[in-house]
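Asks: This is the structure, below, for whatever I ask next.
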Number of protein chains: 2
Amino acid sequence: MEFIIESKDKNTSGRNGILKTKHGEIETPTFMPVGTVGAVKTMSPDDLRSIHAQIILGNTYHLYLRPGIEVLNGAGGLHKFNSWNKPILTDSGGFQVFSLSKLNKISDDGVEFQSHLDGSRHLFTPEFSMEIQRNIGADIIMAFDECPPGDSEREIVKKAVLRTTKWMKRCHSWLETNKELYDYEQVLFPIIQGSIDHNLRRRSLEELIPFSKCGIALGGLAVGEEKNAMRDTIQFSTEFLPHNQPRYLMGVGKPSDLIYAIRNGIDMFDCVMPTRNGRNGNIFTENGVLSIKNHKFKNDFSPIDETSIHPWGKEFSKSYVRHLFNINEILGLRIASTLNLSFYLNLMERVRKNIRLGSFDSWSLSLLREMKNMKGM
Amino acid sequence: MEFIIESKDKNTSGRNGILKTKHGEIETPTFMPVGTVGAVKTMSPDDLRSIHAQIILGNTYHLYLRPGIEVLNGAGGLHKFNSWNKPILTDSGGFQVFSLSKLNKISDDGVEFQSHLDGSRHLFTPEFSMEIQRNIGADIIMAFDECPPGDSEREIVKKAVLRTTKWMKRCHSWLETNKELYDYEQVLFPIIQGSIDHNLRRRSLEELIPFSKCGIALGGLAVGEEKNAMRDTIQFSTEFLPHNQPRYLMGVGKPSDLIYAIRNGIDMFDCVMPTRNGRNGNIFTENGVLSIKNHKFKNDFSPIDETSIHPWGKEFSKSYVRHLFNINEILGLRIASTLNLSFYLNLMERVRKNIRLGSFDSWSLSLLREMKNMKGM
């Protein structure tokens with residue numbers, strides 16, 4: 001995998017890059033729609049292509065439980081299974097094991113947990129996470145990490161940092177001795193932990209950067225910590241990250257968080273917010289978030305989002321989309337999810353254009369000021 | 001509205017026609033996807049256009065309850081509300097009142113019922129059904145009829161036939177004195193009742209044909225009566241129907257029923273079967289109905305339907321679609337609904353082609369023989 005930085009902003013750490021994978025190129029900064037269990041909820045591959053998605057994310061924890069690695073391997077990997085022939089990134093399963101399942105035991109060996117679906121018992125080790133991700137076959141795979149909640153005590157965070165380093169080494173070793181299953185390269189990104197503690201972040205950075213060959217991620221943020229502390233940690237951490245590799249901020253977040261992080265040199269994002277909030281009837285627009293279930297839209301026949309670059313923004317009225325939510329019609333979920341992902345992907349397009357044109361600093365500051373007054377942005 | 005018969009089959013009563021409306025032309029025989037509450041479940045207008053749907057159906061009972069006639073009128077009619085700019089037909093609300101709601105009182109005046117949603121009380125009269133359908137603004141509207149269950153006693157069926165005639169006259173009168181609300185014509189189709197009783201059918205036909213100016217429908221079939229009796233009634237009734245008008249067989253049905261009815265001169269159909277069965281995981285293919293939830297498809301990576309003219313038939317595997325149903329992912333419902341509607345619409349296209357080419361008789365007989373051995377067809 002190759003990463004080429006095409007332009008750098010003069011006043012901020014923002015940069016434009018191209019990440020080249022066997023399944024296609026990704027322009028950075030990029031936002032990755034989340035395809036939890038092998039599909040971005042409500043969307044087809046055509047839909048994703050039509051809104052110019054360049055890479056999607058799959059969740060190892062979910063895919064391991066259903067359909068399971070035997071099926072994924074039988075299909076020839078996730079790209080063939082779900083007919084998404086562009087790049088895919090998989091997380092390590094760590095985050096979901098810690099946040100979704102019933103944990104039974106965490107040790108240096110790995111994490112014993114019970115499935116949130118049927119209570120069945122499983123053990124994820126760094127080696128097994130690599131093996132599952134080999135079978136899924138994503139272009140970018142993530143190291144198995146321990147991600148404690150955002151309000152954890154320092155001792156717990158420290159333990160997680162040390163353990164994440166040990167696990168990193170085991171992921172690396174396993175991959176060294178177990179070749180790719182399919183006919184393309186899979187690259188591994190380490191995940192920096194350390195919560196909002198600068199010293200622990202520093203330690204995690206120092207210990208993991210040696211394992212960062214093609215890209216690196218910041219984990220353990222947007223998991224319940226205070227917003228300013230999160231931003232502060234992003235700013236602090238990015239200064240130490242390798243400059244010639246893509247930097248991925250995991251699980252973040254609101255449009256304003258993305259802009260802030262890009263100003264600090266982040267290149268890649270993923271978040272369920274556009275699809276999940278969409279399914280709850282909250283639609284991101286350039287004028288703020290529209291809560292489309294609101295009764296006030298009952299007779300509002302103006303377009304759902306005149307500012308959207310997606311044709312549905314003008315095609316459907318607020319009244320109609322509200323009606324679709326009111327009758328629990330799937331098309332409503334589709335319209336909201338599609339418009340939201342289109343908003344996020346177009347935001348990245350606007351970011352890249354402004355970096356290219358040298359106007360990113362003033363443009364992004366003015367956007368952040370606007371968004372400050374918009375709830376949910 | 002104009003109906004032009006383009007070709008007639010020599011050996012059967014099958015015929016090709018073109019029905020011209022202000023919102024576009026409909027090639028007959030045609031199948032109308034059911035858009036119950038203003039949307040064909042799971043589908044967008046683009047999706048419907050992409051599978052060559054030429055007309056969709058809306059349900060007056062559902063649309064009256066939600067979003068209500070005030071909203072539909074405010075939008076400028078259903079075409080503008082749901083962005084479907086091709087022809088629409090609405091039923092009269094009668095069938096749903098009888099089948100879905102709690103009936104309180106049926107009299108010559110009309111039907112008092114309680115909403116299946118919140119138990120609220122409403123009264124549908126022939127005049128009010130016309131008023132609602134005026135506000136919805138479909139190109140083709142249906143007379144308000146009484147539709148008793150298929151196993152009703154003769155006296156009940158007879159009463160329904162007589163009442164349907166009385167109501168027909170009131171629908172006609174109301175429309176004579178209340179002009180269109182929008183800038184296009186709405187034409188009224190009478191609905192013949194009489195269950196499987198030939199004498200009552202004959203009576204209903206004689207009394208209602210004088211009101212048939214642009215088209216006519218057979219109602220009260222596929223409501224629980226025996227299959228052969230249904231087919232027999234179709235054959236009996238079609239002989240009396242005006243030849244120069246489209247004949248619409250309401251709520252039917254299975255692919256083999258459609259072929260049988262077309263052989264007897266039916267031009268229009270609607271049925272929830274392709275979408276409803278699709279959402280239950282049953283996919284119509286040229287080789288029979290595929291129950292995609294079946295465990296045997298877990299590792300079957302062959303295309304979901306190689307015979308489909310829709311690209312998704314080859315794009316997705318049986319294993320993947322089974323997985324989507326297994327995880328309750330909306331894309332699964334979309335794929336099944338889309339492939340099923342595509343199957344029905346393509347079946348009509350094949351019918352029209354064979355009538356045009358003069359091969360309809362032998363082609364349809366051979367298809368009926370094939371379908372006889374396919375469960376659900």
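Asks: So what is the accessible area of region B:130-277 per residue, in Å², with the probe set to 1.4 Å?
Replies: Heavy-atom SASA per residue in region B:130-277 reads 37 Å².
Asks: Work out the charge dipole of region B:233-300 with +1 on the Cβ of Lys and Arg and -1 on the Cβ of Asp and Glu about the Cα centre, then indicate which of B:Ile266, B:Thr233, B:Asn282 is farthest towards its positive end.
Replies: B:Asn282
Asks: For region A:164-203, compute Rh as the Kirkwood radius over C-alpha pairs and then the Stokes-Einstein diffusion coefficient at 10 °C and 1.306 mPa s; write the answer in µm²/s, rounded to an integer.
Replies: 131
Asks: What Rg and what Dmax come out for chain A when only alpha-carbon atoms are used, in angstroms?
Replies: Answer for chain A, Rg first and Dmax second: 20.3, 63 Å.
Asks: For the protein assembly as shown, take N as its residue count and report Rg(C-alpha) divided by 2.2 N^0.38 Å.
Replies: My calculation over the Cα atoms of the protein assembly as shown gives 1.10.
Asks: Could you check the simple spin-label distance between B:Lys213 and B:Asn199, using points 7 Å along Cα→Cβ, in nm with one decimal?
Replies: 3.4
Asks: Would you work out the charge dipole size for the protein assembly as shown about its Cα centre, treating the Cβ of every Lys and Arg as +1 and the Cβ of every Asp and Glu as -1, and quote it to the nearest 20 debye?
Replies: Value, rounded to 20: 160 debye.
Asks: Still on this structure, please answer the following. Starting from the alpha-carbon convex hull of region B:50-155, give the projected area averaged over all orientations, in nm².
Replies: With every direction weighted equally, the projected area is 7.9 nm².
Asks: Over the whole of B:59-72, what's the average partner chain Cβ count within 10 Å per residue? Rounded to a whole number, please.
Replies: Working: counts 0, 0, 0, 1, 1, 0, 1, 3, 9, 2, 0, 2, 7, 2.
Across B:59-72, the average partner-chain Cβ count within 10 Å equals 2.
Asks: Could you work out the mean projected area of the convex hull around the alpha carbons of region A:1-88, in square nanometres to one decimal?
Replies: For the Cα atoms of region A:1-88, the hull's average projected area reads 6.7 nm².
Asks: Quick one: Cα convex hull volume of region B:233-290, Å³ per residue?
Replies: Hull volume normalised by residue count: 80 Å³.
Asks: How many nm is it between the label spots at B:Asn328 and B:Ser366, if each spot is 7 Å from the Cα in line with the beta carbon?
Replies: Result: 4.6 nm between the two label points.
Asks: Can you give me the C-alpha center-to-center distance between region A:234-298 and region A:28-43, rounded to a whole angstrom?
Replies: 13
Asks: Next question. With n ≥ 4 as the cut-off for DSSP H runs, can you work out [θ] at 222 nm for the protein assembly as shown, using -39500 (n - 2.57) per run divided by the number of residues, rounded to the nearest 500? All intermediate terms of the calculation are to be shown ahead of the outcome.
Replies: On the way: 30 runs with 317 residues, N = 754.
Taken over the protein assembly as shown, the calculation gives -12500 deg cm²/dmol.
Asks: Determine the total buried accessible area between chain A and chain B, counting protein heavy atoms only with a 1.4 Å probe; round to the nearest 100 Å².
Replies: Chains A and B together bury approximately 3100 Å².
Asks: With the Cα gyration tensor of region A:175-279 in hand, convert its eigenvalues to equivalent ellipsoid semi-axes via √(5λ) and list them largest first in whole Å.
Replies: Details: eigenvalues 117, 72, 29 Å².
The equivalent ellipsoid of region A:175-279 has semi-axes of 24, 19, 12 Å.
Asks: Let me ask you something else. Translational diffusion coefficient, Stokes-Einstein: compute it for region B:102-257 using the Kirkwood radius over C-alpha pairs as Rh, at 20 °C and 1.002 mPa s, and state it as an integer in µm² s⁻¹.
Replies: 132
Asks: Using R₀ = 22 Å, calculate the FRET efficiency as 1/(1 + (r/R₀)^6) where r is the Cβ-Cβ separation of B:Ile4 and B:Ser359; round to 0.05. Could the numbers behind the result be given before it?
Replies: On the way: r = 22 Å, r/R0 = 0.99.
E(calc), rounded to 0.05, equals 0.50.
Asks: What order do A:Cys171, B:Cys214 take when sorted by accessible area (1.4 Å probe), most exposed first?
Replies: B:Cys214, A:Cys171
Asks: What are the chymotrypsin sites (Phe, Trp or Tyr not before Pro) within region B:211-268 that DSSP puts in a loop, where the Cβ has at most 16 other Cβ atoms within 10 Å? All intermediate terms of the calculation are to be shown ahead of the outcome.
Replies: Values: sites: B:Phe211, B:Phe236, B:Phe240, B:Tyr248, B:Tyr260; in loops: B:Phe240.
Passing sites in region B:211-268 are B:Phe240.
Asks: What area, in nm² and to one decimal, does the C-alpha convex hull of region A:251-349 cast on average over all directions?
Replies: One quarter of the hull surface, i.e. the mean projection, equals 6.0 nm².
Asks: Please name which of B:Ser115, A:Ser366, A:Ser302 has its Cα lying farthest along the dipole of the protein assembly as shown towards the positive end, using unit charges on Cβ (Lys, Arg +1; Asp, Glu -1) and the Cα centre as origin.
Replies: B:Ser115
Asks: Which residues among region B:119-136 fall inside the zone where the amide N is under 16 Å from a point 7 Å beyond the Cα of B:Asp109, along Cα→Cβ?
Replies: Within reach of a label on B:Asp109: B:121-129.
Asks: Restricting to Cα pairs below 8 Å that are 6+ residues apart, what does the relative contact order work out to for region A:223-295? Please round to a whole percent.
Replies: Rounded, it is 24 percent for region A:223-295.
Asks: How about region A:316-348: which of its residues lose at least 50 Å² of accessible area in the presence of all protein chains relative to their chain isolated, using a 1.4 Å probe?
Replies: Checking the loss per residue gives A:Tyr320, A:His323, A:Ile327, A:Glu329, A:Ile330, A:Arg334.
Asks: Of the cross-linked pairs A:Lys80/B:Lys254; B:Lys102/B:Lys375; B:Lys102/B:Lys169; A:Lys22/A:Lys158; A:Lys169/B:Lys318, which ones have a Cα-Cα span greater than 28 Å in the structure shown?
Replies: From A:Lys80/B:Lys254; B:Lys102/B:Lys375; B:Lys102/B:Lys169; A:Lys22/A:Lys158; A:Lys169/B:Lys318, over 28 Å: A:Lys80/B:Lys254; B:Lys102/B:Lys375; A:Lys22/A:Lys158; A:Lys169/B:Lys318.
Asks: Compute the relative contact order of region A:1-139 as a whole-number percentage, counting only Cα pairs closer than 8 Å that sit 6 or more residues apart in sequence.
Replies: The normalised contact order for region A:1-139 reaches 20 percent.
Asks: Please report how far the C-alpha centroid of region B:54-93 lies from that of region A:177-231, rounded to the nearest whole angstrom.
Replies: Taking the Cα centre of each part, region B:54-93 and region A:177-231 sit 53 Å apart.
Asks: Let me have the relative contact order for chain A, percent, based on Cα pairs under 8 Å that are six or more residues apart.
Replies: Working: 742 pairs, mean separation 65.0, N = 377.
Relative CO of chain A lands at 17 percent.
Asks: Further, regarding this structure: What is the magnitude of the charge dipole of chain B about its Cα centre, with +1 placed on the Cβ of each Lys and Arg, -1 on the Cβ of each Asp and Glu, and no other charges, expressed in debye to the nearest 20?
Replies: Around 760 debye, computed over chain B.
Asks: Still on this structure, I have one more. What does the structure give for A:294-301 when I average, per residue, the other chain Cβ atoms found within 10 Å of the residue Cβ?
Replies: 2
Asks: Could you tell me what percent of the accessible area of region B:237-377 is made up of carbon and sulfur, with a 1.4 Å probe and every protein chain present?
Replies: Reported share for carbon and sulfur atoms: 47 percent.
Asks: I would also like to ask the following. In debye, nearest 20: dipole of region A:302-349 around its Cα centre with unit charges on the Cβ of K, R (+) and D, E (-)?
Replies: 140
The values are calculated or read from the model by the stated rules, or taken from the named source; none is laboratory data. Everything numeric here is computed off the predicted structure, so don't read it as measured data. Neighbour counts are summed over all protein chains in view; Cβ atoms, including those assigned to glycine, are modelled from backbone coordinates with ideal geometry. Please note that ligands, DNA and RNA were not included when accessible areas were found on the heavy atoms of the full protein model with its side chains. Shrake-Rupley method; radii C 1.70, N 1.55, O 1.52, S 1.80 Å.
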